1. Considering Cα pairs under 8 angstrom that are at least six residues apart, work out the relative contact order of the range 64-208 and quote it in whole percent.
2. Can you order the peptides 15-26, 127-138 by their average number of other Cβ atoms within 10 Å per residue, highest first?
3. Each residue of the range 110-124 in order: what ³J(HN,Hα) in whole Hz does its phi give by Karplus 6.51 cos²θ - 1.76 cosθ + 1.60, θ = phi - 60°, with x for Gly and Pro?
4. What is the set of long-range amide H partners of G10 at a cut-off below 5 Å, with H atoms built 1.01 Å from backbone N?
5. With each run of n ≥ 4 DSSP H residues scored as -39500 (n - 2.57), what mean residue ellipticity at 222 nm is computed for the chain after dividing by its residue count and rounding to the nearest 500 deg cm²/dmol?
6. Can you give the percent of C-alpha pairs in the range 4-206 whose distance is more than 27 Å?
7. What list of ³J(HN,Hα) values in whole Hz, one per residue of the range 97-108 in order, does the Karplus curve 6.51 cos²θ - 1.76 cosθ + 1.60 (θ = phi - 60°) give from phi, with Gly and Pro shown as x?
8. About the Cα centre of the chain, what is the dipole size in debye to 20, counting +1 per Lys and Arg Cβ and -1 per Asp and Glu Cβ, all else neutral?
Amino acid sequence: MKGIFITVEGGDGAGKSTQVSLIEKYLKDKGLSPLMIREPGGTSISEQIRSIILDKKNIEMANMTEVLLYAASRAQLVDEVIVPALQRGRIVVCDRFLDSSIAYQGFGRGISVKAIEDINSYATAGVSPDLTIYLDITPERSFRRKSLMNEEPDMIEAEKLEFHQNVYNGYKYVAEKYPERVFCVDAAQDVDKVFEDIKNRLDLIFNV
Ligand code: TYD
């Protein structure tokens with residue numbers, strides 16, 4: 001496919017939203033028109049699935065249901081948005097993708113990583129990011145930073161630190177398995193410095 005597919009990943013409180021906005025600005029300043037999307041969501045159907053997954057009332061949701069709902073949301077996004085955009089040569093930046101399922105459902109919830117990869121090979125139709133920017137910060141540090149800012153915890157954030165440590169290990173697994181695709185950034189640094197590292201990596205693609 002002609003376009004470029006970039007994903008941004010990280011644990012809760014890694015500062016992902018801020019960096020995604022800075023990436024958008026960087027690309028727009030270069031005269032490019034990136035398609036910015038997020039997971040779970042990005043299409044009408046996927047946003048409806050998102051509201052089921054993240055609804056605090058759905059406390060009885062089975063882990064495998066969660067895996068399949070994330071995969072369903074992803075399948076719709078890939079088919080309706082990502083593939084057509086890449087075919088048209090666009091730059092697509094997605095806030096979270098398959099790596100989130102490996103980290104959160106695989107390592108966090110303890111579902112077989114092989115099962116998640118298999119299910120998602122259908123959901124993504126084999127579409128894989130050209131580059132994944134991973135914001136690397138331990139849950140201890142990001143939680144401390146977050147409590148200083150007094151942010152409201154959401155459904156997953158309210159869970160135990162241990163869960164987030166497992167998620168962190170999941171991202172380490174992904175980063176080690178796909179070193180060519182995954183660019184790890186030290187997200188414990190100041191916002192500006194984190195983005196400087198990301199910018200240097202993006203320059204290798206867009207400053208040629
Ligand atoms: P969101 O409010 O978008 O948070 P964030 O800003 O951290 O991305 O919520 C997304 C939540 O969904 C987040 O806690 C991670 C979780 N998630 C999974 O567990 N598996 C997945 O496959 C995806 C895409 C997200």
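The values are calculated or read from the model by the stated rules, or taken from the named source; none is laboratory data. These numbers come from a predicted model, not from an experiment. All Cβ positions, even for glycine, are placed from backbone atoms using ideal geometry, and neighbour counts span all protein chains on display. Accessible surface is based on the protein model in full, side chains and every heavy atom, while ligands, DNA and RNA are left aside. Shrake-Rupley method; radii C 1.70, N 1.55, O 1.52, S 1.80 Å.
1. In percent, rounded to a whole number, it is 29.
2. Per-residue mean Cβ counts within 10 Å order the peptides as 127-138, 15-26.
3. Couplings: x, 7, 3, 5, 4, 4, 5, 5, 5, 4, 6, 5, 6, 4, 8 Hz.
4. Residues meeting the amide H criterion: L135.
5. Only helices count here, giving -15000 deg cm²/dmol.
6. The calculated P(r) of the range 4-206 puts 27 percent of pairs beyond 27 Å.
7. Along the range 97-108, the couplings run 7, 3, 4, 5, 5, 5, 6, 7, 7, x, 7, x Hz.
8. Charge dipole, the chain, about its Cα centre: 360 debye, nearest 20.
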